[in-house]
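Single-structure report; data block below.
Bear in mind these aren't lab numbers, they're just calculated from the coordinates by the rules spelled out. Source: prediction; values computed, not measured. Reconstructed Cβ throughout: ideal geometry from the backbone, glycine too, with neighbour counts over all protein chains shown.
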Amino acid sequence: MSSAKPIARSDMDAITAGLPTKSAKIRRLAAAGCARAEIARYLGIRYQFVYNVLHAAETKAHAEPRKIRRAPTDDRARSSAGARRISKGCVWATVAKGGRIDLPADFLEAIGIGEGDPVRIALDGDVVRLQGRRSALREVQAVVRRHVPEGASLVDELLDERREEAAREERRETHV
């Protein structure tokens, strides 16, 4: 017996909005705390289908990672838990429950990211980019430099604009 609390149909609609498959909807509703029978009724499917989808997800989460065949290399030393170096600058890592990946400490150190530091994660096509704050700031500064003429002072320009605006306001108030 499940101790999951009933969820309103409108809430279920919101939880599953935009999900393309019944399996994705089943997983999302289960994560939200819906009972299997309730999910089956909501989606108009058999309880067994709901059970199979959730059971397969649980089994997959606890399964041993598949072994990857690799050509012999000299730099296959373990760089962190779950990651195996296969060539300079490249590792294979295993995705853990909840989508977690342990990144090698030497990788993080190389890009200037330490424990507790904020990171920018961007999806670029089918590539995920991980970037530290300093690197992201340098990237933004480079974009600004491309659009601001050499020797121009944005601060001075802003101050001039504010002074002109204040002068216009003052002229309007004296004419009224």
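Can you give the local net charge around PRO20? Use residues other than it whose beta-carbon is closer than 13 angstrom to its beta-carbon, Lys and Arg +1, Asp and Glu -1. Could you put the intermediate results ahead of the total?
On the way: positive: LYS22, LYS25, ARG27, ARG28; negative: none.
Result for the neighbourhood of PRO20: +4.
Taking the convex hull of the alpha carbon atoms in segment 136-175, what volume per residue do you get, in Å³? List each step's numbers first, then the result.
Working: hull volume 3.2 nm³, N = 40.
Roughly 80 Å³ of hull volume per residue.
Rounded to the nearest 0.05, what FRET efficiency do ARG168 and ARG120 give with R0 = 41 Å and r taken as the Cβ-Cβ distance? Could you check?
Details: r = 40 Å, r/R0 = 0.98.
Efficiency, rounded to the nearest 0.05: 0.55.
Using the beta-carbon distance between GLU139 and ARG46 and R0 = 41 Å, what value does 1/(1 + (r/R0)^6) give for FRET efficiency, to the nearest 0.05?
Numbers: r = 51 Å, r/R0 = 1.25.
That gives a FRET efficiency of 0.20.
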